[in-house]
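The values are calculated or read from the model by the stated rules, or taken from the named source; none is laboratory data. What you see is a predicted model, and the numbers here were worked out from it, not measured in a lab. Here the Cβ is made from the backbone with ideal geometry for all residues, glycine too, and neighbour counts use every protein chain on show.
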Amino acid sequence: MINDNDPSTLSTSGRLLSYNDAVKEGLKTGEKFTDLMDQLINTKDPKVLLEAAEALSVFELDSDYVTFPHQYNNADYYLIFMSRLLELHDKGEAITLQSHEGDQHLTQSLSALGDLASFAFTAANDSTGGVYYQDQVTNETVFYLNLKRQIMRFNSSAITTLFIETYADKIDSDHLLSATDLLIAFGQSLKTDFGFDVDFNLLDTSNNEFYAFKTSNLASGIVDKLFVAAASEDYMLKHDKDGAVLELTPDVTLKIASHNSTGAAAWGLYVQDSKQEVSWFKILLQYPFLRHWYLDDLADLQIQSDNLVF
Amino acid sequence: MQNNNEESNQELTPGQAQLDSSITQKINYLQTLQDALHDRDDRQIYELIDNTRYAREIKKSRSTTQTQNLADLVADDHPQLSHYLSQNLIEYLGKTYPFFYYDEVQDGEFDIYFGNWWDRRLFGQLDVLNVAFKFDETEYNKLKRTFELDSANQRYNTENIAQITAKSAELQKLIDQQDERDHQKESLRDQLKEISQRSTLPWDSGKVKEERQTIVDQLSKLADDDEAAINANKQIKENDEQILTLSKEDTILTYEKQSIQKSFEDFSHFESHNLSLYADYLNNLIGKGQVKTDD
């Protein structure tokens, strides 16, 4: 590094030496950067991949004496990380990274969604290094990711707006499901490979997942509407100890309950099936009368997302 | 107590004898009741708590009995008796009336719920000691009416809903015609202006006044419509809520009707079953008792 002391006290050769050291240091930083890029692009080990992504997401490539004119945004490394992690889990073909050479940035598209959406990460500016995975067409934030705090949070509002409302009449539900399955696979990898804490929200298929409504005080008229709508489709909304229950198939049951899984008072849903493959999201795609019911009173029924990050 | 008169132990006065027999009768009554309870002989208990009815409906005898007042001995035990007797009775009712659900709100007091669907109705009470349903009259009559309307392919609230729907359609029309009304108002105002600017001959003034009044009336009618249109959205929303309440009631009544049809085919069978419930149940208990003795 250049000497902080008064420059006039240095000899010419002293100045040259410290300049040279500073350049070397800058080049070393560059070399460290390319090593990390090598890891990020080539490693087959998820742990090494995560390390590289974490380091690059906060990497300062430029130094006082060495700057690099072509650089990606820090958030772009998250995209590479995501694509690579999915690739390591044999889902690489379902996702495409696009490099935009003009202003040097990356976007990602899910092949299931075609041209409908293009995703990129943006900084959440929450001082803990969190990022938002956003659709560039609608600016909807699909999930929040924080590599340092090892958490991922899906955003029910965006999932509903994009996958239930916006895309629903543009592509078939098989494609919608393969797109969300890919996002779920990414969250699942974070969970199993690194032990992340992931909230899948309305995409969660486990039976004990409590999908909490936004309203804490569900008006009985809203349940009445479901009762009438279900009856006209030959489903009976039944009385239940803790609310109401709707048997959609002999194996798939939807429950409206006034207590969450820890027993605390809250209104919300449970979706139960023996294989634990069905989520509230899948039900919304499959049953128009439930979709109408949900969207009609979305202000109350919207599934709660982690309000610390959304 | 000191025994001063030894003879009194041996010979009872008529009054004492009557008292003695009365007490014996009570002891026997209570003893039989207790034995029946221990033997879980519900039939015997029913006979003991309402001897007259039992004689009339089961034994088909007209013998008047003096033991009815004995039943008063256990009057304050009725809640517990009812609680005890409910176990077998409810199990029995479950076969014939699978759509009724019972909630013991107090010892021996049972509310009847119709069905297991959302917001099922509280349909009345179960009188265990008298083996009878005490249906809520209003709810019962709605169901009866539902059956009557069924032949005309109508639901209980079909007409009501149609009326409200028509009202909402009118209101929607008022909202939709706002532009049209605005145009009309504009043209009417222009006409007014034109009339006031017209130089009128004296003998025409009556005719002009009339013309003017017609326009003013039209304008005021349009203003009323505008006013109504402003409140229309709120009114439509209220109508929607009302329709929801009525549709819900129709759905519930349909489920009730279907439940009855499934078990009794029609409402009259249901009603006649209810009337003979006491006899049917007691005879069923007698049948069971025989099976037990046969074993």
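Within the range B:113-145, the set of residues being within 14 Å of another protein chain (Cβ to nearest Cβ) and part of a strand (DSSP E or B) comprises B:Tyr113, B:Phe114, B:Trp117, B:Arg121, B:Leu122, B:Phe123. Among the residues of the range A:157-167, some residue qualifies, meaning at least one is in a helix (DSSP H, G or I), β-branched (Val, Ile, Thr), surrounded by fewer than 21 Cβ atoms within 10 Å (Cβ to Cβ) and touching a helix residue (DSSP H, G or I) at 6+ places or on another chain (Cβ under 6 Å). Please verify whether B:Arg40 is part of a loop (DSSP other than H, G, I, E, B), modelled with pLDDT of 85 or more and out of contact with any Leu (no Cβ under 9 Å at 6 or more places or on another chain), treating the condition exactly as stated. Here the answer is yes, as B:Arg40 does meet what is asked. Reported count of residues in the range A:201-215, each being small (Gly, Ala, Ser) and out of contact with any strand residue (DSSP E or B) (no Cβ under 6 Å at 6 or more places or on another chain), is 1. Which residues, counting only those in the range A:96-143, are assigned to a loop (DSSP other than H, G, I, E, B) and over 18 Å from A:Ala158 (Cα atoms)? Within the range A:96-143, A:Glu101, A:Gly102, A:Asp103, A:Gln104, A:Asn125, A:Asp126, A:Ser127, A:Thr128, A:Gly129 qualify.
May I ask you to list the residues in the range A:75-95 that are part of a helix (DSSP H, G or I) and not aliphatic (A, V, I, L, M)? Spell out the reasoning first.
Let us first name the residues in the range A:75-95 that are part of a helix (DSSP H, G or I), namely A:76-88, A:92-94.
A:Asp76, A:Tyr77, A:Tyr78, A:Phe81, A:Ser83, A:Arg84, A:Glu87, A:Gly92, A:Glu93, listed by residue number.
Among the candidates A:Tyr270, A:Tyr294, A:Tyr287, which residue alone is surrounded by 17 or more Cβ atoms within 10 Å (Cβ to Cβ), within 14 Å of A:Ser156 (Cα to Cα) and either out of contact with any Ser or Thr (no Cβ under 7 Å at 6 or more places or on another chain) or without any contact (Cβ under 8 Å) to a residue 60 or more places away in the chain (or both)?
Details: A:Tyr270 fails: within 14 Å of A:Ser156 (Cα to Cα); A:Tyr287 fails: within 14 Å of A:Ser156 (Cα to Cα).
After applying the criteria, what remains is A:Tyr294.
B:Ala169: away from every other protein chain (no Cβ under 14 Å), without any contact (Cβ under 8 Å) to a residue 40 or more places away in the chain, among the hydrophobic types (A, V, I, L, M, F, W, C) and under 30 Å from B:Ile215 (Cα atoms), yes or no?
Yes: the conditions hold for B:Ala169.
Go over the candidates A:Ser118, A:Ser157 one by one and state the one that is out of contact with any Phe, Trp or Tyr (no Cβ under 9 Å at 6 or more places or on another chain) and farther than 19 Å from A:Gln188 by Cβ.
Numbers: A:Ser157 fails: out of contact with any Phe, Trp or Tyr (no Cβ under 9 Å at 6 or more places or on another chain).
Going through A:Ser118, A:Ser157 in turn, the sole match is A:Ser118.
I'd like to check something: does the range B:223-237 contain any residue that is at pLDDT 90 or above and within 14 Å of chain A (Cβ to nearest Cβ)? Yes, that holds for at least one residue.
Quick check on my filter: what residues within the range B:193-228 are of a type in the set (A, V, I, L, M) and loosely packed, with under 15 Cβ neighbours inside 10 Å?
Here is the first cut: in the range B:193-228, the residues of a type in the set (A, V, I, L, M) are B:195, B:201, B:208, B:215-216, B:219, B:222-223, B:228.
Within the range B:193-228, B:Ile195, B:Leu201, B:Val208, B:Val216, B:Ala223, B:Ala228 meet the criteria.
Here the range B:254-268 is the region considered, the condition is being surrounded by 15 or more Cβ atoms within 10 Å (Cβ to Cβ) and within 14 Å of another protein chain (Cβ to nearest Cβ), and the residue that is farthest from B:Tyr101 (Cα to Cα) is B:Thr254. For the range A:218-245, filtering for residues that are in contact with a Phe, Trp or Tyr (Cβ under 7 Å, 6 or more places away or on another chain) and facing chain B (nearest Cβ under 9 Å) leaves 10. A:Lys191 satisfies every condition listed in (1) surrounded by fewer than 17 Cβ atoms within 10 Å (Cβ to Cβ); (2) within 14 Å of chain B (Cβ to nearest Cβ); (3) modelled with pLDDT of 95 or more except (2). Checking the stated criteria, B:Glu271 turns out to be more than 14 Å from chain A (Cβ to nearest Cβ) and either out of contact with any helix residue (DSSP H, G or I) (no Cβ under 6 Å at 6 or more places or on another chain) or touching a residue at least 24 places away in the same chain (Cβ under 8 Å) (or both).
Within the range B:278-295, residues that are surrounded by 15 or more Cβ atoms within 10 Å (Cβ to Cβ) and in a helix (DSSP H, G or I) sit with their Cβ atoms under 8 Å from residues that are among the aliphatic types (A, V, I, L, M) and at pLDDT 65 or above, at 6+ positions apart or across chains, in these pairs: B:Tyr278/B:Val131; B:Tyr278/B:Ala132; B:Ala279/B:Ile58; B:Tyr281/B:Leu89; B:Tyr281/B:Val131; B:Leu282/B:Ile58; B:Leu282/B:Val131. The residues of the range A:114-149 that are surrounded by fewer than 16 Cβ atoms within 10 Å (Cβ to Cβ) and not charged (D, E, K, R), listed by number, are A:Gly114, A:Thr122, A:Ala123, A:Asn125, A:Ser127, A:Thr128, A:Gln136, A:Val137, A:Thr138, A:Asn139. Here B:Leu122 qualifies as closer than 30 Å to A:Leu254 by Cβ, surrounded by fewer than 17 Cβ atoms within 10 Å (Cβ to Cβ) and touching a Phe, Trp or Tyr at 6+ places or on another chain (Cβ under 8 Å). Using the structure shown, decide if B:Asn231 is part of a helix (DSSP H, G or I), free of Cβ contacts under 8 Å to residues at least 12 places away in the same chain and either surrounded by 19 or more Cβ atoms within 10 Å (Cβ to Cβ) or of a type outside the set (Phe, Trp, Tyr) (or both). So B:Asn231 fits the description; yes.
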